[in-house]
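What follows is one structure encoded as structure tokens, with my remarks underneath.
The values are calculated or read from the model by the stated rules, or taken from the named source; none is laboratory data. Keep in mind that this is a model prediction, so the values were computed, not measured. Cβ placement follows ideal geometry from the backbone for every residue including glycine, while neighbour counts extend to all protein chains displayed.
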Amino acid sequence: MDSYLSAARDLVVEGMRESRIALSPDLEFHLAATLARYMHRPLRPDQLTLRLMDAARGRAPRAESRRIGDDCLISCAFFEARLTRHGGTIVHYAGLGQTAYAVAGMTEVAQGFPEMLDVLQASRPAPTRRLI
């Protein structure tokens, strides 16, 4: 896991540099740890709204709310087309992620969601252009 965390931290630092956003140490660590986890664990971006509704009603473990927030964060940054192909918007899923973190009791992470998303989006490699 240390090599994943190191690689994820490098991406976060690059994203902060590119976006000119300085995350707090706690948000920087959260973002790097979340990225590291998804480097070796599958993402679950399906039925995010329903999963959050169940979690908010107390039908799911509290950790599920955090997983939903993490899924929203990573999905919004890297898998926009998958989230929006059935009519959803990134604004909806970003709000859902913020709400999920708030339900999990992670206030700073909920409030920092937009900045973390910007950092992740800035860390993506530029699309390659096809010459032919």
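Applying the condition of being part of a helix (DSSP H, G or I) and farther than 9 Å from Cys72 by Cβ to region 82-94 and asking which residue is modelled with the highest pLDDT yields Val91.
Being within 10 Å of Glu115 (Cβ to Cβ) and without any contact (Cβ under 8 Å) to a residue 60 or more places away in the chain is the filter here; which residues of region 1-30 pass it? Of everything in region 1-30, just one residue is within 10 Å of Glu115 (Cβ to Cβ) and without any contact (Cβ under 8 Å) to a residue 60 or more places away in the chain, namely Ala22.
Residues that are in a helix (DSSP H, G or I) and either surrounded by fewer than 14 Cβ atoms within 10 Å (Cβ to Cβ) or β-branched (Val, Ile, Thr) (or both) within region 8-45 comprise Asp10, Val12, Val13, Arg17, Pro25, Asp26, Thr34, listed in sequence order. For Tyr101, the conditions (1) modelled with pLDDT of 85 or more; (2) assigned to a loop (DSSP other than H, G, I, E, B) are fulfilled apart from (2).
Does region 47-64 contain any residue that is modelled with pLDDT under 90 and within 22 Å of Ser24 (Cα to Cα)? Within region 47-64, none of the residues are modelled with pLDDT under 90 and within 22 Å of Ser24 (Cα to Cα).
Conditions tested, residue by residue: (1) touching a Gly at 6+ places or on another chain (Cβ under 6 Å); (2) of a type in the set (Phe, Trp, Tyr).
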residue	(1), (2)
Leu73	yes, no
Thr84	no, no
Tyr101	yes, yes
Ala104	no, no
Thr107	no, no
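Residues in region 89-124 that are small (Gly, Ala, Ser) and in contact (Cβ under 8 Å) with a residue 12 or more places away in the chain: Ala94, Gly97, Ala100, Ala104, Gly105, Ala110, Gly112, Ala122, Ser123. Per the conditions (1) at pLDDT below 95; (2) over 13 Å from Ile74 (Cα atoms), the sole criterion not satisfied by Arg44 is (2).
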